[in-house]
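Below is one structure; the comments refer to it alone.
The values are calculated or read from the model by the stated rules, or taken from the named source; none is laboratory data. For clarity, every value in this text was computed on a predicted model and none was experimentally measured. Every residue, glycine among them, receives a Cβ derived from its backbone with ideal geometry; neighbour counts consider all protein chains shown.
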Amino acid sequence: MYKLGIVAEGLPNTDVKIISELIKKMVSDNLELCPYPGRDKSNVIKKYRDWLEDCRNKNVDKALVMIDQDLSCIKLIVEMMQKKIEGRQYRFPVKFHVIVRMLETWLLSDEEAISAVVGKNVPRVNGTLENIRNPKVKLKEILSRAKATYTPETLRRIAEESDIERIAYRCPGFERFRRSVLDC
């Protein structure tokens, strides 16, 4: 059994569940996830050290700490988060991943998954997805036009239907995330 701690923004039924669906597509069935939903970026930054300590108690094999980039500098965010755990020793690797823009960026990459969930064909979002300033608004617009509601369950189902190869092709930041998941 491989145990993965996941610290991420959102409530218990949002980002962590979506990320979990995507990870399940990458890792064998012998996976146990230990989720730590952090509500928002500032709360994750404030509490992730405590959650990493809890990961010790749960004997995780690896911990992922994830936040949305929003409009911040990815490199500076990661450096700041690494510095806050400097000198702490964990028996498991800790990986920091900043999602380019936000999680909805990844979900926008697979119009077939969105179509399957809403029961209608939706158009492909063209261009460089990681350059869309507010992918959440874009996804809400797409769902609204398809007469579907933007809910945590809708987002989880889109992630469940998504083709991770398509996401990786359209979102280079997702490929970095996949390497973080698989590198141990």
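Residues of the range 162-175 being within 18 Å of Lys138 (Cβ to Cβ), in a loop (DSSP other than H, G, I, E, B) and not small (Gly, Ala, Ser), which ones?
Cys171 - this is the single residue of the range 162-175 that is within 18 Å of Lys138 (Cβ to Cβ), in a loop (DSSP other than H, G, I, E, B) and not small (Gly, Ala, Ser).
For Lys120, indicate whether it is surrounded by fewer than 19 Cβ atoms within 10 Å (Cβ to Cβ) and either without any contact (Cβ under 8 Å) to a residue 24 or more places away in the chain or outside any helix (DSSP H, G or I) (or both).
Here the answer is yes, as Lys120 does meet what is asked.
Given the structure, is Lys95 in contact with a strand residue (DSSP E or B) (Cβ under 6 Å, 6 or more places away or on another chain), surrounded by 13 or more Cβ atoms within 10 Å (Cβ to Cβ) and touching a residue at least 12 places away in the same chain (Cβ under 8 Å)?
yes
Any idea which residue in the range 51-74 is surrounded by the most Cβ atoms within 10 Å (Cβ to Cβ), counting only those that are over 14 Å from Ile99 (Cβ atoms) and of a type in the set (D, E, K, R)?
Lys62
Kindly indicate the residue of the range 63-77 that is farther than 21 Å from Ile164 by Cα and touching a strand residue (DSSP E or B) at 6+ places or on another chain (Cβ under 6 Å) and also modelled with the highest pLDDT among those meeting that condition.
Ile77
How many residues, within the range 81-90, are in contact (Cβ under 8 Å) with a residue 24 or more places away in the chain, more than 19 Å from the chain's Cα centre (by Cα) and more than 14 Å from Leu4 (Cβ to Cβ)?
So the answer is 3.
In the range 136-161, what residues are of a type in the set (Ser, Thr, Tyr) and either under 23 Å from Phe96 (Cα atoms) or part of a helix (DSSP H, G or I) (or both)?
Ser144, Thr154
Given the structure, is Glu161 of a type in the set (Asp, Glu), over 13 Å from the mean Cα position of the chain (by Cα) and surrounded by 16 or more Cβ atoms within 10 Å (Cβ to Cβ)?
It is true that Glu161 is of a type in the set (Asp, Glu), over 13 Å from the mean Cα position of the chain (by Cα) and surrounded by 16 or more Cβ atoms within 10 Å (Cβ to Cβ).
Kindly indicate which of Ile114, Ile99 is modelled with pLDDT under 95, in contact with a helix residue (DSSP H, G or I) (Cβ under 9 Å, 6 or more places away or on another chain), closer than 13 Å to Ile167 by Cα and not polar (S, T, N, Q).
On inspection, the qualifying residue turns out to be Ile99.
Name the single residue that is surrounded by the most Cβ atoms within 10 Å (Cβ to Cβ) among those in the range 8-50 being modelled with pLDDT under 90 and among the small types (Gly, Ala, Ser).
Gly10
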